[in-house]
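The values are calculated or read from the model by the stated rules, or taken from the named source; none is laboratory data. From a predicted model like this one, the values you see are computed outputs, not experimental measurements. In this analysis, Cβ positions are derived from the backbone assuming ideal geometry, glycine residues included, and neighbour counts consider all displayed protein chains. Side chains are part of the model used for accessible areas, which takes the heavy atoms of the whole protein and leaves out ligands, DNA and RNA. Shrake-Rupley method; radii C 1.70, N 1.55, O 1.52, S 1.80 Å.
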Amino acid sequence: MKILHVINSMDMKAGGPPRSLIPIANTQSKKFDVSIISSSKENFENELFDYVKISFLFQRFFFPNLKSIKILFCTIRRNDYIHIHNWWNFISTFTLIFSSILKKKIIITPHGSLHS
C-alpha cells in the first residue's frame, strides 16, 4: 500500500501540521510505502520516506506553478491513499480534484483550519 501525505509547508514555523506529520509518516513507513509532497525552504530529507518538493508561482497564496501541478498529479497517480493535511490552499484543492478524478481514497486532516 502506498500513502501520499500532502501538506503546503514542512517548515517547522508553520506549527502543528509538520510537527504531527513527521511521526505519522515515520510510523507508517515501517509497514507501508510513504511519500510526502510539500514545499519547504530548507531541504527536508528522511531515509524512511520519500519527499517531493514543489514550487509555487505565488508563494503568498501557495499557488503552484504548472510544473508542480504536473508533479502533484503524477505523484497522486502512483499512490493508493492520499492524506491531505491543512485546508484552504490551492495544493489541497488540486489534490482533492486529482484524487477524485483518479478515484483514490482520500483522508483529510484540517489541523484546526476549520475552526470558526
Segment 69-86, residues that are of a type outside the set (Val, Ile, Thr) and touching a strand residue (DSSP E or B) at 6+ places or on another chain (Cβ under 7 Å): LEU72, ARG78, ASN79, ASP80, TYR81, HIS83, HIS85, ASN86
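If you scan segment 61-96, which residues turn out to be farther than 15 Å from ILE7 by Cα and either open to solvent by 50 Å² or more (accessible area, probe 1.4 Å) or not polar (S, T, N, Q) (or both)?
LEU66, LYS67, LYS70, CYS74, ARG77, ARG78, ASP80
Here's the yes/no breakdown for (1) under 16 Å from SER92 (Cβ atoms); (2) modelled with pLDDT of 75 or more; (3) in contact with a Phe, Trp or Tyr (Cβ under 6 Å, 6 or more places away or on another chain); (4) not β-branched (Val, Ile, Thr):
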{"site": "ILE3", "(1), (2), (3), (4)": "no, yes, yes, no"}
{"site": "SER9", "(1), (2), (3), (4)": "yes, yes, no, yes"}
{"site": "LYS13", "(1), (2), (3), (4)": "no, no, no, yes"}
{"site": "ILE22", "(1), (2), (3), (4)": "no, yes, no, no"}
{"site": "GLN28", "(1), (2), (3), (4)": "no, yes, no, yes"}
{"site": "SER38", "(1), (2), (3), (4)": "yes, yes, no, yes"}
{"site": "VAL52", "(1), (2), (3), (4)": "yes, yes, no, no"}
query: Mind checking whether some residue in segment 101-110 is modelled with pLDDT of 85 or more, part of a loop (DSSP other than H, G, I, E, B) and open to solvent by less than 80 Å² (accessible area, probe 1.4 Å)?
result: yes
